[in-house]
Amino acid sequence: MKKILFLVMAVLAAASMMIAGCGGGDKKAAEPEKVLRVGTEPTFAPFEFQKEGSKSYDGFDMDLARAIGKQMGYKVEMVSMGFDALIPALNSNNIDVAIAGMTITDERKKVVDFTESYYTSGLMIMVRKDSNVKSIDDLKGKTIACQIGTTGENKSRTVEGAKVKAFNTQDEASLELKNGGADAVIGDAPVIEYYMTKAGKDFAKTVGERMEAEPYGIAVKKGSKLAGDLNKALAELKKSGEYDKLYTKWFGEKK
Ligand code: ARG
């Protein structure tokens, strides 16, 4: 009798464990994996770029996006598009955030929200090696290549009498300079400096110093509560040393 009772109890215990186990499993399966859709324009090394023939996204912004996603418990999915398509994509809910070396400007703040700045950049001029352009004043009436929708394009358009050629990618703007279709490129200094260590070293040089500081921020749809969560994650990555680790990986020691 005792034996039977023991057996019944054992079976019941096993069954309840199985039910609990299944229940837990079901709950997990029903919970959708949170995905953070990150929009970017990946011709912007060392912030976002794709190595030739590779589908993976490299660069400081891309590493930072993955670290932030991990911190917030999201799976990160990169979505590639034109730089000028990023803000419309946020506003039409096609992406959740934009990380693309995007400068926080008053104009953009009217249509999207930004996180705290995570990097300080600035604009720079690049010309061909044989050019005698010494400063932005020498670009008056000249042809300037830039990337469409960027602060570099805005700056180019302030140069008196200049012809501005705005390209879909930063690489195309640089190529235009190389091919003689433009007298200069105006773009983000860290990107131009990086380019100077690669393809640019054969034909180009930079002119002068970085122009005024430009803070990069992560953009979200206006009113999105993601901005607060992203700021929290950023602060945590700064505290843990993870941010510094990524910074050093891409830019060397902090000056
Ligand atoms: N910082 C500049 C801007 O906000 C250029 C950014 C271009 N970014 C890119 N991923 N292509 O306008």
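FYI, it's all coordinate maths here, none of it is from the lab. Quantities reported herein were computed from a predicted structural model and do not represent experimental measurements. Every residue, glycine among them, receives a Cβ derived from its backbone with ideal geometry; neighbour counts consider all protein chains shown.
For the reader, a short list of remarks on this structure follows.
- D (Stokes-Einstein, µm²/s), Kirkwood Cα radius, the range 24-150, 0.890 mPa s at 25 °C: 143 µm²/s
- Cross-link partners for Lys225 among the lysines, with Cα-Cα distance under 21 Å and sequence neighbours closer than 8 places in the same chain left out: Lys34, Lys70, Lys75, Lys109, Lys110, Lys238.
- A Förster radius of 22 Å combined with the Cβ-Cβ distance from Asp137 to Lys205 puts the calculated FRET efficiency at roughly 0.80.
- Unit charges on C-beta of K, R, D, E only; dipole of the chain, Debye: 840 debye
- Were the residues from Glu212 through Thr105 laid out at 0.36 nm apart, the gain over their Cα-Cα distance would be 37.3 nm.
- Over 15 Å [Cα-Cα, the range 40-98], rounded percent: 51 percent
- Kirkwood-type radius of the range 140-239, with distances r between different C-alpha atoms, in Å: 15.4 Å
- A straight Cα-to-Cα reach below 17 Å connects Lys249 with the aspartates and glutamates Glu48, Asp58, Asp61, Asp63, Glu193, residues fewer than 8 places away in its own chain not being considered.
- Cβ-placed point charges (K, R +1; D, E -1), dipole of the range 43-93 about Cα centre in debye, nearest 20: 240 debye
- Near Ile144, once Lys and Arg are set to +1 and Asp and Glu to -1 for all other residues with Cβ below 14 Å from its Cβ, the sum equals 0.
- Residues of the range 225-255 with amide N under 11 Å of the 7 Å Cα→Cβ point at Lys70: 242-243, 246
- Part-to-part distance (alpha-carbon centres) for the range 186-255 and the range 79-129, which is given in Å: 12 Å
- Whole-number percent relative contact order across the range 115-255, with pairs defined as alpha carbons under 8 Å at least 6 apart: 34 percent
- Mean Cα-pair separation over length for the chain, i.e. relative contact order, pairs under 8 Å, 6 or more apart, %: 24 percent
- From the C-alpha gyration tensor of the chain, square roots of 5λ in Å: 50, 18, 16
- Mean residue ellipticity (222 nm) of the chain, computed from DSSP H runs ≥ 4 via -39,500 (n - 2.57), nearest 500: -12000 deg cm²/dmol
- One chain, two ends: Lys51 and Met196. Fully extended at 0.36 nm per residue, the span grows by 50.5 nm beyond their Cα-Cα distance.
- For Lys134, a cut-off of 23 angstrom between C-alpha atoms picks up these lysines, skipping any fewer than 8 places away in its own chain: Lys142, Lys155, Lys163, Lys165, Lys178, Lys198, Lys201, Lys205.
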